[in-house]
Amino acid sequence: FIAKLLLFFKATREYKDKIQSSSALEKAEACSTLSSCYYSIAGTGMAHMKSYFRVDWKFILYPIFTVIWVLTWFPLVLICYFNMLHLSNQVVKLIGYKEMTADQLDIRQSILRRRGKYNEARVCIEMAFKKTLNHHTRGLLSIGLAEIFLKEDNRDGVVMEIRAALHEAEKCELREPQQAARIYRHCSR
């Protein structure tokens, strides 16, 4: 928690000035980076909450874990959760989808999916696939598309995209093992 709290303050302070820049490109980059940071913090906070309730023998401690999470993670997750989409929307207003990099589009589609905006997330994914992509970004985009297909109950689409993501994970295992592991983790879910 302390590490993510420090990251929150450091990133907010570091990118606050860049967000005020007169350059639309620099401002968009700062908003995108900050939205990615907030997305990561919100995801970590939610993962911690879920981990507290995974082990059955801890049922007696559930109230204690809940109070600890509410007093520590909850305010941070809430701030990050609501600001990540706002910052991502700013990027679109500043430079539009066509000027966004593949990584910016990947961040945006992840945020949109987390907020349940699947149609707009699909637009981001389709725009990103038209750009030059590294293997892990292509894999993460395929995972995003698989989640959208899952929501649409398109099982064939899910299978196709998971296979594509696994193929990309294999390609990046040697050079980027952490990214490959990230793709595998999402695919297994």
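Rule-based calculations on the coordinates, nothing more; no lab input. Only a predicted model underlies this, so the values are computations on that prediction, with no experimental measurement involved. Cβ sites come from the backbone with ideal geometry, for glycine too, and all protein chains shown count toward neighbours.
Assorted remarks:
- Inter-label distance, Arg163 to Leu6: 4.6 nm, where each label sits 7 Å from its Cα along the C-beta direction.
- As a calculated quantity, the FRET efficiency between Lys131 and Ser22 at R0 = 41 Å, using C-beta atoms, amounts to about 0.95.
- For region 149-189, the convex hull drawn through the C-alpha positions has a volume of 51 cubic angstrom per residue.
- Selection of chymotrypsin sites (Phe, Trp or Tyr not before Pro), region 18-98, meeting DSSP coil and at most 14 other Cβ within 10 Å: Phe53
- A Förster radius of 30 Å combined with the Cβ-Cβ distance from Asp156 to Arg54 puts the calculated FRET efficiency at roughly 0.40.
- With a Cα cut-off of under 14 Å and a minimum spacing of 8 residues unless on different chains, the lysine pairs in region 1-146 number 7.
- Rule-of-thumb Rg ratio for region 14-147 [Cα; 2.2 N^0.38 Å; N residues]: 1.21
- A helix-only calculation puts the chain at -28000 deg cm²/dmol for mean residue ellipticity at 222 nm, using -39500 (n - 2.57) for each DSSP H run of at least four residues, averaged over all residues.
- Nitroxide proxy distance, nm - points 7 Å out along Cα→Cβ at Lys93 and Ile68: 4.0
- Net charge of the neighbourhood of Ser21, taken over other residues with C-beta under 10 Å away and scored Lys/Arg +1, Asp/Glu -1, is -1.
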